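I have placed the structure first, in the form of structure tokens, so that the comments after it can refer back to it.
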Protein chains: 6
Amino acid sequence: MRLLVMNPNTTASMTAAIRATATAAAAPGTEILATEPLWGPESIEGHFEGYLSAAAVLDRLATLDTPFDALVMAGFGEPGREGAQELLDVPVLDITECAAQMAMLLGHAYGIVTTLDRSVPQIRDRLLTAGLLQRCAGVRGTGLGVLELEEDPERTVAVITETARAVVRGGAEVICLGCGGMAGLQERVAAELGVPVVDGVAAAVKFAEAVAGLGLTTSTGRSFASPRPKAIGSWPLSRHLAGVGSAVPTARSGKTSGI
Amino acid sequence: MRLLVMNPNTTASMTAAIRATATAAAAPGTEILATEPLWGPESIEGHFEGYLSAAAVLDRLATLDTPFDALVMAGFGEPGREGAQELLDVPVLDITECAAQMAMLLGHAYGIVTTLDRSVPQIRDRLLTAGLLQRCAGVRGTGLGVLELEEDPERTVAVITETARAVVRGGAEVICLGCGGMAGLQERVAAELGVPVVDGVAAAVKFAEAVAGLGLTTSTGRSFASPRPKAIGSWPLSRHLAGVGSAVPTARSGKTSGI
Amino acid sequence: MRLLVMNPNTTASMTAAIRATATAAAAPGTEILATEPLWGPESIEGHFEGYLSAAAVLDRLATLDTPFDALVMAGFGEPGREGAQELLDVPVLDITECAAQMAMLLGHAYGIVTTLDRSVPQIRDRLLTAGLLQRCAGVRGTGLGVLELEEDPERTVAVITETARAVVRGGAEVICLGCGGMAGLQERVAAELGVPVVDGVAAAVKFAEAVAGLGLTTSTGRSFASPRPKAIGSWPLSRHLAGVGSAVPTARSGKTSGI
Amino acid sequence: MRLLVMNPNTTASMTAAIRATATAAAAPGTEILATEPLWGPESIEGHFEGYLSAAAVLDRLATLDTPFDALVMAGFGEPGREGAQELLDVPVLDITECAAQMAMLLGHAYGIVTTLDRSVPQIRDRLLTAGLLQRCAGVRGTGLGVLELEEDPERTVAVITETARAVVRGGAEVICLGCGGMAGLQERVAAELGVPVVDGVAAAVKFAEAVAGLGLTTSTGRSFASPRPKAIGSWPLSRHLAGVGSAVPTARSGKTSGI
Amino acid sequence: MRLLVMNPNTTASMTAAIRATATAAAAPGTEILATEPLWGPESIEGHFEGYLSAAAVLDRLATLDTPFDALVMAGFGEPGREGAQELLDVPVLDITECAAQMAMLLGHAYGIVTTLDRSVPQIRDRLLTAGLLQRCAGVRGTGLGVLELEEDPERTVAVITETARAVVRGGAEVICLGCGGMAGLQERVAAELGVPVVDGVAAAVKFAEAVAGLGLTTSTGRSFASPRPKAIGSWPLSRHLAGVGSAVPTARSGKTSGI
Amino acid sequence: MRLLVMNPNTTASMTAAIRATATAAAAPGTEILATEPLWGPESIEGHFEGYLSAAAVLDRLATLDTPFDALVMAGFGEPGREGAQELLDVPVLDITECAAQMAMLLGHAYGIVTTLDRSVPQIRDRLLTAGLLQRCAGVRGTGLGVLELEEDPERTVAVITETARAVVRGGAEVICLGCGGMAGLQERVAAELGVPVVDGVAAAVKFAEAVAGLGLTTSTGRSFASPRPKAIGSWPLSRHLAGVGSAVPTARSGKTSGI
């Protein structure tokens, strides 16, 4: 089975970290591809960047010529998944939903530790539409920006742990790491906290194996039917973008860190 | 006061109809600008197109050199608004939220008549995150696609009215027209139905006048703070898109129907 | 357009303050009438007084001989609006609903600062039935009674601001002033707080202009159909009240502060 | 123990029927008083009449010189109870809340059969603020007005039963009679339906016995603290109403059917 | 009328305390029987013990040869009631539901003080399925285990009162004692707190009198129809349990504290 | 990895069918054990039988001497899981929660087809406490009892498909088979329906592989801490049950169909 893991931003070092976590989580026989968009923001810390990234991810998916069995979208709380579900005929999972679902299998209430406080309402809204908010005991920011997470891993673990403790005091019995850039830190945080810690990338890889392993895929019955045929100006965007389109004859371009 | 009304798709005839409705609703002293994105889908009938449109609208807003006092986003149930709220320092209203709010001022429960059945869950999710779903008695599709609405206005009014009747039987006391392309039909449908009919474009224009008239704008306190400074590849997109960027030295380009 | 703004209590100085705020908010061409009931409590700080006021307001409306295009009810969290909706054929707006709706246009979550703690559950219940509670991050009392608000405006602004800060820390991105008697203080509080502050009277005046400007009014389809013909003893009350009825041959009586 | 049962309207024959049902439900040692307001509507079929009745009931309570141990308010879905809770130091129960609570003790979901369809949203709102809506499977009107219920008892039972059947098909396992004027019909309807039928007057009498029997009363801790001292014009109303006040030196006036 | 009160655990001293509280609450003419299971845990402080107790209680009910008019189940937040509702043709009440319902009759929001913090989510889930969570302002543990409650009554009252104060600060206007083992302490805690305190055993006894007094019982229409005929291995368990079955020819066995 | 799949009833042919489905779903390297309780009901069609089964399953788990890496509980909508979570230090999954979660990964709303109508409220309550009800579009019974499912597989598939069609018309985009006894029919029903069909046993096996594969297990932080030490009469039951205890020196007894 081959899983494509999509880092929603253009920072290749983050793609590499996500790929490592996904690979560590994957079962024998699961191949992990990981990539990022050809354009768009280097990190996502709000709605504006999230919407740009959503289009950039869809563009990347539309121009990729590598087959895969399921897609894992590695942006926490970010938009775009339903678009990929319409575009692809393989299952599409995102790390927000999978982290929350796995956490709900492990405890009565769960909490989320994320990067900036400004992302908290966005994550709560994503959980709300995912139908998973009821058992969420809290979402809390560490104050660290996405790209700051990589700067000093010791500090990052310490800050995540301290933030998580407040969420546990609020009733969470399981903690989810609320940023793709936190992937790989779950074991160290869990050891400090004493409650299970779920990394969304790992959770989504396992759930993608589960869904694809049963031969299931997205329902085309209503919400996620294929797009209707119509004119879409400048689409796919990367084929029309100066300096991107011409440099990307195939998806295996050197400009992308993945695949 | 100058309001910018953004048709989310690239169909100029729809921009014209939306502009006409907005102008009819506007108070004396309110100037209506209307435009559409420079690229993207000709109509929006699902999540994939919605996410492309969201980025195209943000691109359009980032490159527009015309000042305005408030933005009205004329896509019903479609994503993107929160991105515009981060990007702009004037208030941003969308027709879904405004239609539902105005309907709630007029009756105990409201309903929505939209285009295709596949859009129903998307609209419900938009109402859910807007915090306005509780008093929604039903959302129902007419089976007419967005661009079909213009084809035979008599049929369109008849089908909307018939669909609305079912929603009224389900408890709605007010009906909202659930597509920017239905703008202008509210009076004829209301006359047939016997209950108030709210057009989202008209409602959003009036609420934009209300908010801007009081000198209020989007809170920058948390969710909608300005984007942080960072690298965004190929942004703004239209400046890098072959055949779009070069043809659009300013936002008043002849390729756009508006402004 | 002529709007009637109804102060729910009999304190004429409060009517005057509400009239001033409404007038400041009104568009050119909007005429503001303001009045209060002919009997009932001098201020409303609980359910008992709220129910008396509701009947007194309905009595006032039933005996008023001045035409108007929309009614704004200026009691925050107080009962009675649905009765006025049945009685009148013009739209009826209340400041609780309009403040919350306008706040939701400006931020992800809103909060309310009101007078006494005892009113908090009453306000929350009003938001609940209005279908607007979901995005309310908190309602909090200042400890100042309704009539105390006028006593020392500096202190009032300071106490409101301090209370609002706690609500903002709880997640509110916009603050609503939760008492008609706070009308006019929004700009000073906003300057202190750094987030938008919505005064319900101003919001309701603008929304009344919006609704009436589109020619819309309350649905008579179900909840708010006209009262059925029947015997109502001693109705309208003010025509039967000793010392009130005789003194009030018309609604333009000198005992009322308004109109 | 002495219970006061308050018919919210001025129709003495309805007071008599309510008194009979209450008396039949009461335990040995419970004395039932029943009365109605001195002014106001002859029946309540909407919000306007409900708000008038609320004030009329409070007026009646304020001027009554008979002691009692608990109050039962016999209007279904109607406003006013919280006012009485502030005014009195004995427990106050209403038939909506008591009928729903007792029904929830008897089955998983319950339904309500009421008079006119226009009252359905009002009843649902009352259940919503009472915190009892979650397990309500449906509220449905018979089409019979309040005063029509007495006209042809056979037809009334038949129409209630037929309406209740539809509610049972929708998932209700217990039916509540949703109008004080239906009191006494529960056994005949239950025999037809085959599921338990709860009459609110009977339920409220038993729950009043329960609460008062334990020596409990309304909390004065927050929502229902006593009204603060203040000027209330023309209060109590019946003392100032021409033809009412003078005719009612005490609450045992011949104009009232009860007590 | 004869009520059976079932202590869910095997501790006879707790059965005695529950019987005393129930007897004090009962009306003249109500006879109280109280008993406990023949096997199972000595106290219930979690789900595992709760599920064992549920089966033990059903076993006890299936083998009891004493008639009764209603069953009161005296475990707070514990499972099993729906099973008893299927098994018996008399009404079945539990103290969680009755305490919450009675509290809702007395104040706007209620709170619960229970034993261990680990039981809090279980109690909240029980309120959730009972449809009574909406107006719950908080559930909080004292840190005292079930059997510790009896050890030092002074300390127990002090700790309950202190815990209840925190719940009142969180908005509760009424407090429920959240453990059958707290029965009898309500008056002392109420005197300290200044808000009404509801003991579930007392509340359930009164509501059982109410329901049975009206001749009502559990609906057999859907959820709680009688069990279908089928093979059940080793049932009833107490007839097959070595040392229990042989020692319990009838339910009036000396091993049980009650009846 | 070794998974234990627990059929909640004593019917060995159903254990065999569940084992076959689980084995077909399992990854290479996953060993499936399947068993059933030593006593209790032959099928579960209500709360009474569910509670007996819960205790019987806990008894089976307490006396089993075979190690395993995760437990899958194969009863749909049935109680007991939280007890197993307290008892075991490996993860515990149940088919209701896993079916619903997997369905939510595949479509916007899901529905459930179960056996008897009387189980519908029980399943909805289980989804409610699992925090998964929000996106459930409907639960509907086929009218076939649990043991009837095996009688005529053609009829069973036809009736499930017809029932599922009604649920799809109500908005479900994915269907879950709502009984462990339906395991294995998912592909045939999906082929008829045209939307994805999730079997809970298969889903739970894959999710158990996912959770255990990441080395995660139930949080012991609050709800699911180990039971406290205490006296439990006659526990474990099977060691004291005549004819069961003596015949079951180890869990590999010939009386059980599994392991």
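The values are calculated or read from the model by the stated rules, or taken from the named source; none is laboratory data. In this text, all values refer to a predicted model and were calculated from it rather than measured experimentally. Using ideal geometry, Cβ is built from the backbone for each residue, glycine included, and neighbour counts are taken over all protein chains shown. We work out accessible area using only protein heavy atoms, side chains counted, and drop any ligands, DNA or RNA first. Shrake-Rupley method; radii C 1.70, N 1.55, O 1.52, S 1.80 Å.
Is there a residue being more than 14 Å from C:ILE112 (Cβ to Cβ), free of Cβ contacts under 8 Å to residues at least 24 places away in the same chain and surrounded by fewer than 24 Cβ atoms within 10 Å (Cβ to Cβ) anywhere in segment C:197-211? Taking every residue of segment C:197-211 in turn, none turns out to be more than 14 Å from C:ILE112 (Cβ to Cβ), free of Cβ contacts under 8 Å to residues at least 24 places away in the same chain and surrounded by fewer than 24 Cβ atoms within 10 Å (Cβ to Cβ).
Report those helices (runs of 4 or more DSSP H) wholly inside segment B:70-143 carrying at least 1 residues which are over 19 Å from A:TYR51 (Cα atoms) and touching a Gly at 6+ places or on another chain (Cβ under 9 Å). Break it down into steps so the answer makes sense when it comes.
On the way: elements: B:81-87, B:95-106, B:120-129.
Helices (runs of 4 or more DSSP H) meeting the threshold: B:95-106, B:120-129.
Applying the condition of being closer than 19 Å to C:PRO196 by Cα and buried (at least 22 other Cβ atoms within 10 Å of the Cβ) to segment B:223-235 and asking which residue is nearest to the other protein chains (Cβ to nearest Cβ) yields B:SER223. Based on what the data block shows, is D:ALA74 more than 12 Å from the chain's Cα centre (by Cα) and either under 28 Å from E:PHE207 (Cβ atoms) or small (Gly, Ala, Ser) (or both)? Judged against the criteria, D:ALA74 is not a match. Beta carbons closer than 9 Å, at least 6 apart along the sequence or on distinct chains, pair a first residue in segment E:1-15 that is at pLDDT 95 or above with a second that is in a strand (DSSP E or B) and among the hydroxyl-bearing types (Ser, Thr, Tyr) for E:LEU4/E:THR35; E:VAL5/E:THR35; E:MET6/E:THR35; E:ASN7/E:THR35; E:THR15/E:THR35.
Filtered by the rule that a residue be outside any helix (DSSP H, G or I) and more than 7 Å from every other protein chain (Cβ to nearest Cβ), segment C:199-216 gives C:ASP199, C:GLY215.
Per the conditions (1) more than 26 Å from B:GLY107 (Cβ to Cβ); (2) under 14 Å from the mean Cα position of the chain (by Cα); (3) acidic (Asp, Glu), the sole criterion not satisfied by D:ASP89 is (2). Filtering F:GLY143, F:GLY170 for residues that are more than 26 Å from F:PRO37 (Cβ to Cβ), more than 11 Å from every other protein chain (Cβ to nearest Cβ), touching a strand residue (DSSP E or B) at 6+ places or on another chain (Cβ under 6 Å) and open to solvent by 10 Å² or more (accessible area, probe 1.4 Å) leaves a single hit, F:GLY170. The set of residues in segment D:183-223 that are farther than 18 Å from E:LEU214 by Cβ and either small (Gly, Ala, Ser) or in contact with a strand residue (DSSP E or B) (Cβ under 9 Å, 6 or more places away or on another chain) (or both) comprises D:LEU214, D:GLY215, D:LEU216, D:THR217, D:THR218, D:SER219, D:GLY221, D:SER223.
Residue-by-condition table, conditions (1) touching a residue at least 40 places away in the same chain (Cβ under 8 Å); (2) open to solvent by 20 Å² or more (accessible area, probe 1.4 Å):
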residue	(1), (2)
C:ALA24	yes, yes
C:ALA27	yes, yes
C:LEU33	yes, no
C:GLU42	yes, yes
C:PHE48	no, no
C:ALA55	yes, no
C:ASP59	yes, no
C:ALA62	yes, yes
C:PHE76	yes, no
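Taken over segment D:212-222, the residue count meeting the criterion of being crowded, with 22+ Cβ neighbours inside 10 Å and of a type in the set (S, T, N, Q) is 2. With the requirement that a residue be more than 10 Å from chain A (Cβ to nearest Cβ) and either polar (S, T, N, Q) or out of contact with any Gly (no Cβ under 7 Å at 6 or more places or on another chain) (or both), what does segment B:24-60 give you? B:ALA24, B:ALA25, B:ALA26, B:PRO28, B:GLY29, B:THR30, B:GLU31, B:ILE32, B:THR35, B:ARG60, listed by residue number. Filtering D:SER119, D:SER223 for residues that are in contact with a Lys or Arg (Cβ under 7 Å, 6 or more places away or on another chain), polar (S, T, N, Q) and modelled with pLDDT of 95 or more leaves a single hit, D:SER223. Sort out which residues of segment A:69-117 are within 20 Å of A:GLU31 (Cα to Cα) and of a type in the set (A, V, I, L, M, F, W, C), and write them in order of number. Across segment A:69-117, the qualifying residues are A:ALA70, A:LEU71, A:VAL72, A:MET73, A:ALA74, A:LEU88, A:VAL90, A:VAL92, A:LEU93, A:ILE95, A:CYS98. Among the residues making up segment E:79-124, those that are of a type in the set (Asp, Glu), open to solvent by 10 Å² or more (accessible area, probe 1.4 Å) and within 11 Å of another protein chain (Cβ to nearest Cβ) are E:GLU82, E:ASP117.
This table checks each residue for (1) modelled with pLDDT of 95 or more; (2) closer than 20 Å to E:GLY80 by Cα.
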| site | (1), (2) |
| --- | --- |
| E:GLY145 | yes, no |
| E:VAL157 | yes, no |
| E:THR163 | yes, no |
| E:GLY181 | no, yes |
| E:GLY184 | no, no |
| E:VAL201 | yes, yes |
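D:ALA20 satisfies every condition listed in (1) more than 10 Å from chain C (Cβ to nearest Cβ); (2) surrounded by 24 or more Cβ atoms within 10 Å (Cβ to Cβ); (3) not polar (S, T, N, Q) except (2). Listed by first and then second residue, the pairs linking a residue in segment D:225-246 that is at positive phi to a residue that is of a type in the set (Val, Ile, Thr), with Cβ atoms under 6 Å apart and 6 or more places separating them unless they lie on different chains, are D:SER234/C:VAL244. Of note, B:GLU173 satisfies the criterion of being charged (D, E, K, R) and touching a Gly at 6+ places or on another chain (Cβ under 7 Å).
When both residues are 6+ apart or on different chains and their Cβ atoms are under 8 Å apart, which pairs have a first residue that lies in segment C:138-166 and is under 23 Å from D:ALA231 (Cα atoms), and a second that is of a type in the set (D, E, K, R) and in a helix (DSSP H, G or I)? Cβ pairs passing all conditions: C:GLY141/C:ASP117; C:GLY141/C:ARG118; C:GLY143/C:ASP117.
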